[in-house]
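Encoded as structure tokens, the structure appears first; notes follow it.
What follows draws every value from the coordinates through simple rules; no lab data is involved. Because the structure is a prediction, the values reported are computed rather than measured. Glycine gets a Cβ as well: all are built from the backbone with ideal geometry, and neighbour counts include every protein chain shown.
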Amino acid sequence: MPFLIGVLILITFIIFCYLYMKIKIKKIMNQFGVSSVKQLIEKTEWENEDQPKSLSSMDSIYLERIKEDFKDLNINELKRMSEKVILDYLEAIEKKDSSKIKNEKIKAHIDSRINDLKEETVTYDSIKFHKTVISKYENNKSIATIYLSSSLEYFYQRGNKIKKKVQDRYKVEMLYIIDATKLPASQKSLGLNCPNCGSPIKSLKTNKCTYCGTINLDIVKRTWTCNDIVNY
């Protein structure tokens, strides 16, 4: 008899939980104006597709410092350069060809993505940037780094899967060599290349390329160069 009472209590509790959850779900569906759980999931996915990824803009904090350090820098041009880096990155993945990418670190990221795709194709259509902001700035007198974050959307298709709208976010690291003689070899991995032959620059202690012998490497110390890109 006690066992039977226990079973009845358990069944009553399960029914109560079921009815309670059903009422809660019904209430949520009414709030969203849908009549089924499937419609609720589809509506949530649709809203996520149209909601840009958030960015933590630090422009108000770092912009004045950057202007003081680099009076001739046009920050909007640097932001457009950063966006171009992202476009080139996605295009290389889509074409499964990283040969035009000179930066060794970015090239490695792309080759890894291509390897993951294997035989599948991938497309990025109708790419649109929502916003690009400064997320961080560092200057240690030997090298300056501006981290630019971008939120963007595109239509993505992998293999034979249905094409879907994606909201995405990338961070691009832009650097400027101020004084190579003060830059410890262990301080930062630099994805710089010789402007003549495109070979990786192993050391900034000399202005001569170790591959082609060109003596013009000072040019990389006077321009902003992309050093890395991260999807986050």
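Listed values, structure above:
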{"read-out": "THR210, THR225, THR12 arranged by Cβ crowding within 10 Å, fewest neighbours leading", "value": "THR12, THR210, THR225"}
{"read-out": "Potential lengthening between ASP69 and LYS163 on full extension [0.36 nm per residue; Cα-Cα distance subtracted]", "value": "29.3 nm"}
{"read-out": "Packing-based exposure ordering (other Cβ within 10 Å, fewest first) of SER150, SER60", "value": "SER60, SER150"}
{"read-out": "Coil-residue GluC sites (Glu not before Pro) of the stretch 45-87, DSSP, other Cβ within 10 Å capped at 13", "value": "none"}
{"read-out": "Cα-Cα over 29 Å, subset of LYS53/LYS163; LYS67/LYS165; LYS27/LYS171; LYS24/LYS131", "value": "LYS67/LYS165; LYS27/LYS171; LYS24/LYS131"}
